[in-house]
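Comments concern the structure below.
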Amino acid sequence: MTKSIFIATTEPYSGKSLVALGLVNMLLGKTKRIGYFKPIINVDPLDSKDVHIETTIAYFNLGIRYEDSYGFTRSQAMGEMEQENQGSMMNTIIRKYKKIEEEYDFTVIEGSDFVGEGTAFEFELNLSVAKNLAAPVIVVSSGANRSTADIVSGALNVLRNFHSREVQVIAVVVNKVRAEQVEDVRQLLTNAIDDGTVLAIIPENKSLASPSMKEIFENLNGELLIGEQQLNNQVDNFVIGAMNVPNFLNHLKDNVLIITPGDRGDMIIAALQANSSANYPKVAGIVLTAGYQPEEPIMRLLKGLDTVIPIIFVQTGTFETSQKIGAIKSRITPDNTKKIQLAISIFEKSVDLHALDQKIVTFTSEGITPHMFQYQLTKWAKKKIKHIVLPEGNDERILKATARLVNEEVVTLTLLGDAKEIALSVKRLGLILDLSRIRIINPAHSEHYEDYVNTLYELRKNKRVNQEMARDLMTDVSYFGTMMVYKGHADGMVSGAVHTTQHTIRPALQFVKTKPGITVVSSVFFMCLPDRVSVFGDCAVNPNPTAEQLAEIAISSAASSERFGIEPRIAMLSYSSGSSGEGEDVEKVRKATEIVKQKRPDLKVEGPIQYDAAVDPTVGKQKLPNSEVAGQASVLIFPDLNTGNNTYKAVQRETGALAIGPMLQGLNKPVNDLSRGCTVDDIFNTVIITAIQAQDE
Ligand code: ACO
């Protein structure tokens with residue numbers, strides 16, 4: 001079951017607050033602690049509060065602090081976009097949302113409002129937030145002032161947009177549909193959306209759409225002369241009091257607002273009398289224009305009455321005032337309990353609550369986004385702090401990554417190298433790094449050096465390693481670092497920024513050895529593609545695996561994938577899909593797939609399969625229509641190192657994808673290799689995944 005739901009729209013005034021209120025009310029019937037989060041709010045906290053957040057928190061008494069309930073203000077978000085800081089903005093949104101997710105059983109996330117200047121960025125941003133928070137979406141679109149055809153095509157367009165970005169939509173709500181259109185809209189959309197998405201058509205409701213006198217007062221910037229107690233009066237229409245009284249009385253409709261110049265005392269009295277008369281409709285209030293206050297006898301009369309409808313006085317002329325009033329959009333505010341309750345009851349009547357509940361209960365997220373993945377990595381690493389050794393202590397990138405890792409308190413670190421040289425480098429690079437928080441060991445001077453030499457000798461003497469060779473090897477930082485891990489003096493090792501892969505991983509292959517039941521050490525990359533993370537294996541270790549080894553690599557990669565929160569759907573890649581091609585290489589992949597199926601019937605695996613059929617839903621459906629992997633593979637197993645290594649580099653270079661790894665799998669203790677072209681971020685990420693691996697030892 002999901003722990004959140006995202007209410008999204010693509011236009012202003014779609015009525016998503018009704019959906020939010022109805023949803024929170026429904027969820028409170030099932031679970032106690034509901035959180036509310038809005039990634040982008042429209043108002044600056046110094047000016048006022050976001051009305052939707054305020055209303056929901058106050059009405060349901062959610063106990064959430066206003067400051068915690070939003071990510072960015074709209075202007076902050078636009079600023080971040082202009083600076084191309086989308087990445088860090090998303091990280092902040094995830095962090096703030098996760099804080100709420102941790103404290104509450106379920107969180108309702110409300111997308112942005114699309115009100116005001118520059119709304120162009122909002123659609124993309126909402127999509128991206130929903131995806132990154134792995135929340136299923138309820139799409140809300142408006143039917144107000146639209147033809148049936150426009151309503152239907154508008155709703156379908158929005159749905160298509162979300163689908164095309166692989167955001168899962170569980171419900172489509174079309175709001176504010178005129179009563180006579182409701183059935184046609186329902187019929188047409190039911191025919192068009194046949195994938196089980198919940199569909200709700202909410203008829204237009206005058207009482208919700210109409211502003212209150214309070215909203216009119218707040219929008220006009222006028223002065224309230226009298227009638228404060230009745231500010232909640234609903235205004236369904238307005239009439240301009242420019243005619244004579246009998247004609248004027250003929251124009252009154254229920255809940256009417258009268259707009260008239262302030263010197264028309266006759267209109268004021270006529271309006272009050274009409275309001276008291278059983279033969280005339282209810283009058284909601286009066287707005288007096290043109291800067292004329294009522295004359296003193298009229299004011300005296302008003303003040304002597306028990307209850308009076310609100311009378312507002314403004315400086316603007318009648319025409320300008322009526323235009324302003326016509327443009328006022330009603331909002332559901334915390335003090336308007338009647339409207340809140342009405343919104344909830346409309347939601348309950350119009351939405352199939354059982355079907356929606358089922359969708360929420362059965363929803364499982366289809367993938368994990370790069371932002372979420374990186375957020376999770378740091379969080380997992382912090383759960384149980386591990387000690388990692390970095391043998392290349394003098395490399396600048398290693399030192400920069402060390403500063404970040406130490407300051408973020410994700411791991412504890414030992415660097416191998418000369419303490420004085422490292423201190424000088426830290427100073428030269430201007431790094432904020434308190435050296436007392438890390439250990440620095442010079443292998444040849446280490447108190448453990450003799451012990452390590454003897455251990456290596458014992459472990460490798462039958463491989464023609466003598467004492468002299470062992471002494472020599474133990475001055476090599478890769479051997480020393482690996483021995484620290486072997487001995488339990490460190491929990492894991494990350495190296496390879498300066499040394500080759502062979503140099504880095506050979507010691508681990510020689511004496512850390514493989515886990516019981518595993519014969520081959522292999523590797524995976526976590527490929528952070530634009531909107532999902534895929535696992536690529538093996539792109540770094542085994543040049544030409546046999547079918548048996550390939551099967552083992554697939555099984556290990558699936559385990560790594562699962563360990564890091566990605567549901568494994570394994571594609572055994574080849575230049576052939578299904579039975580389309582032949583050849584020795586295809587046969588190897590076919591055989592490997594069979595072995596995986598035999599050994600692990602619980603795993604979802606497809607092979608041989610081509611890359612496009614593995615990841616593209618349309619091609620996948622075409623080439624292997626009955627496959628549960630084709631089109632949605634998450635673990636991609638390459639037939640050999642030539643293909644794997646070049647593909648990961650091609651994807652990385654051509655798409656800008658972040659490649660986290662290679663992470664070695666199958667070793668008794670975690671040792672990981674960096675590429676010599678690695679960046680500080682690569683080192684940071686590899687140390688973190690090594691620390692997470694070490695938590696399982
Ligand atoms: N799994 C388990 N054990 C292994 C593996 C393996 N995949 N490969 C080798 N071993 C063991 C051997 O059994 C042997 O053990 P033993 O000495 O106790 O008998 C020991 O490791 C050394 O084996 P060698 O055959 O001598 O292998 P070598 O050390 O020469 O090379 C290596 C192993 C480094 C993995 C080699 O296969 C290799 O070079 N692979 C390619 C690495 C590479 O260049 N990758 C691309 C760049 S990485 C990047 O782009 C990120």
Checklist entry - In segment 169-188, is there at least one residue being closer than 24 Å to residue 360 by Cβ and in a loop (DSSP other than H, G, I, E, B)? => result no
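Could you please find all residues in segment 652-688 being over 24 Å from the mean Cα position of the chain (by Cα) and part of a helix (DSSP H, G or I)?
Matches in segment 652-688: 653, 654, 680, 683, 687.
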Next on the checklist: Six or more apart or on different chains, Cβ atoms under 7 Å: show the pairs whose first residue is in segment 298-319 and closer than 19 Å to residue 217 by Cα and whose second is hydroxyl-bearing (Ser, Thr, Tyr) and assigned to a helix (DSSP H, G or I).
Outcome noted: 314/321
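Residue by residue, here is whether (1) modelled with pLDDT under 95; (2) among the hydrophobic types (A, V, I, L, M, F, W, C) holds:
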position	(1), (2)
392	no, no
408	yes, no
426	yes, yes
459	no, yes
Checklist outcome for this item: Subset of segment 127-144, residues of a type in the set (S, T, N, Q) and at pLDDT below 90, comes to 128, 132
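Within segment 574-622, restricting attention to residues that are part of a loop (DSSP other than H, G, I, E, B) and under 18 Å from residue 544 (Cα atoms), which residue is farthest from the chain's Cα centre (by Cα)?
583
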Checklist entry - Just one of the numbered conditions (1) more than 12 Å from the ligand (Cβ to nearest atom); (2) more than 20 Å from residue 555 (Cβ to Cβ); (3) surrounded by fewer than 24 Cβ atoms within 10 Å (Cβ to Cβ) is not true of residue 676; which one? => result (1)
Checklist entry - For residue 343, are the conditions met, namely being in a helix (DSSP H, G or I), crowded, with 21+ Cβ neighbours inside 10 Å and either under 29 Å from the mean Cα position of the chain (by Cα) or among the aromatic types (Phe, Trp, Tyr) (or both)? => result yes
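Taking segment 219-228 only, how many residues are in a helix (DSSP H, G or I) and within 19 Å of residue 319 (Cα to Cα)?
Total meeting the criteria: 2.
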Next on the checklist: Please count how many residues of segment 623-644 are closer than 17 Å to residue 587 by Cα and in a loop (DSSP other than H, G, I, E, B).
Outcome noted: 3
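Any residue at all in segment 193-206 that's part of a helix (DSSP H, G or I) and over 17 Å from residue 150 (Cβ atoms)?
yes
Does segment 485-494 include one or more residues that are surrounded by 24 or more Cβ atoms within 10 Å (Cβ to Cβ), in a helix (DSSP H, G or I) and touching a residue at least 60 places away in the same chain (Cβ under 8 Å)?
yes
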Checklist entry - For segment 150-163, what are the residues that are surrounded by fewer than 24 Cβ atoms within 10 Å (Cβ to Cβ) and either touching a strand residue (DSSP E or B) at 6+ places or on another chain (Cβ under 7 Å) or free of Cβ contacts under 8 Å to residues at least 24 places away in the same chain (or both)? => result 150, 153, 154, 157, 158, 159, 160, 162, 163
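Looking at segment 458-472 only, could you name the residues that are in a helix (DSSP H, G or I), farther than 22 Å from residue 394 by Cβ and not basic (Lys, Arg)?
Scanning segment 458-472 gives 458, 459, 462, 467, 468, 469, 470.
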Item to check | Residue identified as under 20 Å from residue 667 (Cβ atoms) and at pLDDT 95 or above among 453, 485 | outcome: 485
Checklist entry - Is it the case that residue 658 is among the hydrophobic types (A, V, I, L, M, F, W, C), in the same structural domain as residue 526 (by TED's automatic domain parsing) and closer than 22 Å to residue 596 by Cβ? => result no
Item to check | Only one of 504, 519, 475, 482 that is assigned to a loop (DSSP other than H, G, I, E, B), within 22 Å of residue 416 (Cα to Cα) and not acidic (Asp, Glu) | outcome: 475
Next on the checklist: It is to be established whether one or more residues within segment 563-579 are in contact with an Asp or Glu (Cβ under 9 Å, 6 or more places away or on another chain) and within 16 Å of the ligand (Cβ to nearest atom).
Outcome noted: no
Next on the checklist: Pull out all pairs, ordered by first then second residue, where Cβ-Cβ is under 9 Å, the residues are six or more apart or on different chains, the first lies in segment 439-463 and is under 12 Å from residue 483 (Cα atoms), and the second is assigned to a loop (DSSP other than H, G, I, E, B) and within 16 Å of the ligand (Cβ to nearest atom).
Outcome noted: 443/476; 456/465; 457/465; 457/466; 459/465
Checklist entry - So, in segment 522-548, of the ones that are under 32 Å from the mean Cα position of the chain (by Cα) and assigned to a loop (DSSP other than H, G, I, E, B), which residue ends up farthest from the ligand (Cβ to nearest atom)? => result 531
Checklist entry - Among the residues of segment 635-654, how many are in contact with a strand residue (DSSP E or B) (Cβ under 9 Å, 6 or more places away or on another chain) and more than 11 Å from the ligand (Cβ to nearest atom)? => result 8
Checklist outcome for this item: Of (1) at pLDDT below 85; (2) under 19 Å from residue 211 (Cα atoms), residue 292 satisfies every one except (2)
Checklist outcome for this item: Among (1) near the ligand (Cβ under 8 Å from one of its atoms); (2) out of contact with any strand residue (DSSP E or B) (no Cβ under 7 Å at 6 or more places or on another chain), residue 555 falls short only on (1)
Checklist entry - Applying the selection to segment 488-520, what residues are near the ligand (Cβ under 8 Å from one of its atoms), closer than 16 Å to residue 686 by Cβ and of a type in the set (A, V, I, L, M)? => result 505
Checklist entry - Among the residues of segment 178-193, is there at least one that is crowded, with 23+ Cβ neighbours inside 10 Å, outside the structural domain of residue 566 (by TED's automatic domain parsing) and at pLDDT 90 or above? => result no
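The values are calculated or read from the model by the stated rules, or taken from the named source; none is laboratory data. The shown structure was predicted, so the numbers you read here are calculated from the model rather than taken from an experiment. Positions of Cβ are backbone-derived with ideal geometry, glycine not excepted, and every protein chain shown enters the neighbour counts.
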